[in-house]
Amino acid sequence: MVQMIRRGHSQRAVARKFHVALHTIQRWVDRAGDLNLEAVDWRNRSKAAHRVANKTSADLEQRVCQIRKQLATTGALGFVGAQAIHDALAHSEDRSSLPSVRTIGRILRRQGLLDAQHRVRRLAPPPGWYLPAVSQQQAELDSFDVVEDLRMEGVGLFQLFTTRTLWGTLAEAWPATVASTSFILQAMQAHWELHGLPAFAQFDNDVRFQGGHNHPDVIGRVMRFCLALGVTPVFAPPLETGFQAVIENFNGLWQRKVWARFHHESLQSLSVASKRFTQAYRRHLARNRDPETARRPFPGNWHADWQSHPTGTIIYLRRTNEHGAVKILGHTWDVDPLWPHRLLRCHVDLTHHHINFYRLRRRAPEDQLLIKTLPYHLPQRRFDTRSRHNHPMTPIR
């Protein structure tokens, strides 16, 4: 086009010939000027302004970097983030030219002073993802826990036994001087008699829930109690976060809103305040929750039989060691050497005498393949009911 104009054709004629606007021809003629056509840069140019009106000056960027270095080396706190730099500039710069915290953050990023590797945040798996029936809201899970070393004036140290449902609105807390196994069983029986039985009951690895750890093949009274009622006990992996998040959140809420908010004269007054809080908390949850997941009624005239051989399934959530093995019921089981330091769901089937091992992955919660089945026979033992720790239950009313 420019060559035709240089040969004498008018700009309007060239625009009509190539079906473009006149100002397009004029722009390319201005771009070419008197240069040789082969030396002209015909690439599209950015339409952005050559100078940004609100661009941070180079002096200010250099000043931000200097203050960051000073805070890192001589600052009392050692904080070097955008907020700390902003506070330092506020004491030394004119308030009218003080950059915002977000601007300082962009300066640090442009200068390469932030972490080189950004934290990868993946989507969390659905609640109860490690139990397919629970994650699909086809079954309910009750979580139980014991909070220790709480102190109250005039009472001293006391403990708290708590429960919280995953999908429903049930939440309860029972203060006690000592939350023994017998106290836990009484509270669980009273709670389930009133509200019905869930499909799963989840615990941590406390000896009050699991039984003693000093002998293999120990099935504690809480486990026997759940199995006798057709409730599957589930034990969270030791030293793992997330699995007990629901009950831990409720524990912290109870301590802030009941224990630390009021002055209590005795455990009885604390129990009254706790009951008032849990009832209001359940009403609060009911406004934002779906209808309750079905629960089975508690069997009538039920009594504890500690001597019968337990049947049913116990589920252990465990992480393998460097050899792909896990420790359950006092025994080490070689599962898969190609699955080291990974999560497993272990089903101890006391009825059919075997253990099923399923792979668990948070990034693929729907992929829970059965990788191994090993035989297991729980030894026949007589449960000692003469011990002072194993006296019959009297339900809490």
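Computed from the coordinates by the stated procedures, all read-outs in this text should not be read as laboratory data. As the structure is a prediction and not an experimental result, all values here were calculated from the model. Virtual Cβ from ideal backbone geometry, glycine too; neighbours counted across all protein chains shown.
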Net charge, PRO375 excluded, C-beta distance under 15 Å - Lys, Arg +1, Asp, Glu -1
-2
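Out of segment 10-60, which chymotrypsin sites (Phe, Trp or Tyr not before Pro) are coil in DSSP terms and have no more than 15 other C-beta atoms within 10 Å?
TRP42
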Magnitude of the Cβ-charge dipole (Lys and Arg +1, Asp and Glu -1) of the chain about the Cα centre, nearest 20 debye, reported as 2060 debye
Taking the number of other C-beta atoms within 10 Å as the exposure measure, put ILE328, ILE355 in order starting with the fewest.
ILE328, ILE355
Nearest-20 debye value, segment 58-110 charge dipole, Cβ charges on Lys, Arg, Asp, Glu:
260 debye
Let's test this: bin the Cα-Cα distances of segment 58-110 at 10 Å from zero up to the farthest pair and state each bin's percent.
26, 62, 12
Reachable aspartates and glutamates, given that their alpha-carbon falls under 18 Å from the alpha-carbon of LYS47 and they are not under 8 places away in the same chain:
ASP30
Using alpha-carbon positions, what is the distance between the centroids of segment 97-166 and segment 214-252, in Å?
21 Å
What are the aspartates and glutamates whose alpha-carbon lies under 20 Å from the alpha-carbon of LYS327, with same-chain residues fewer than 8 places away excluded?
ASP204, ASP206, ASP217, GLU240, ASP336, ASP349
Candidate values (i) 62; (ii) 39; (iii) 55, label of the one derived for percent of Cα pairs over 30 Å apart
(i)
Helix-only mean residue ellipticity at 222 nm, the chain, DSSP H runs n ≥ 4 weighted -39,500 (n - 2.57), per residue, nearest 500. What is it?
-9000 deg cm²/dmol
If one puts a single equal scatterer on every Cα of segment 95-232 and applies the Debye formula without solvent, what log₁₀ I(q)/I(0) results at q = 0.12, 0.14, 0.15 Å⁻¹?
-0.65, -0.75, -0.82
What residue among VAL272, VAL348, VAL146 has the largest mean-square fluctuation in a Gaussian network model of the chain, using Cα springs under 10 Å?
VAL272
Can you put CYS226, CYS346, CYS65 in order of Cβ neighbours within 10 angstrom, beginning with the fewest?
CYS65, CYS346, CYS226
Just tell me which lysines come within less than 16 Å, Cα to Cα, of LYS275; anything on the same chain fewer than 8 places away is out.
LYS257
Checked against the positive end of the charge dipole of the chain (+1 on Cβ of Lys and Arg, -1 on Cβ of Asp and Glu, about the Cα centre), the farthest of ALA133, THR351, GLY220 is ALA133
Here the net charge surrounding ASN54, from other residues whose Cβ is less than 14 Å away from its Cβ (Lys, Arg +1; Asp, Glu -1), is +3
Would you compute, for the Cα atoms of segment 5-131, the largest minus smallest coordinate along each principal axis and list the three values in descending order, in whole Å?
76, 58, 27
Using modelled backbone amide H atoms (1.01 Å from N, in-plane), which distant-in-sequence or interchain residues come within less than 5 Å of LYS372's amide H?
PHE357
Place +1 on the Cβ of every Lys and Arg and -1 on the Cβ of every Asp and Glu in segment 132-286, take the dipole about the Cα centre, and give the residue among TRP254, THR163, PHE183 whose Cα lies farthest towards its positive end.
TRP254
With a cap of 14 neighbouring Cβ atoms within 10 Å, and only residues DSSP puts in a loop, list the trypsin sites (Lys or Arg not before Pro) found in segment 229-288.
ARG261, ARG287
For the chain, with the dipole built from +1 on Lys and Arg beta-carbon atoms and -1 on Asp and Glu ones, taken about the Cα centre, which of ILE314, ILE5, VAL29 lies farthest toward the positive end?
ILE5
Among SER274, SER46, SER92, SER143, rank each residue by its count of other Cβ atoms within 10 Å, from fewest to most, as a rough exposure measure.
SER46, SER92, SER274, SER143
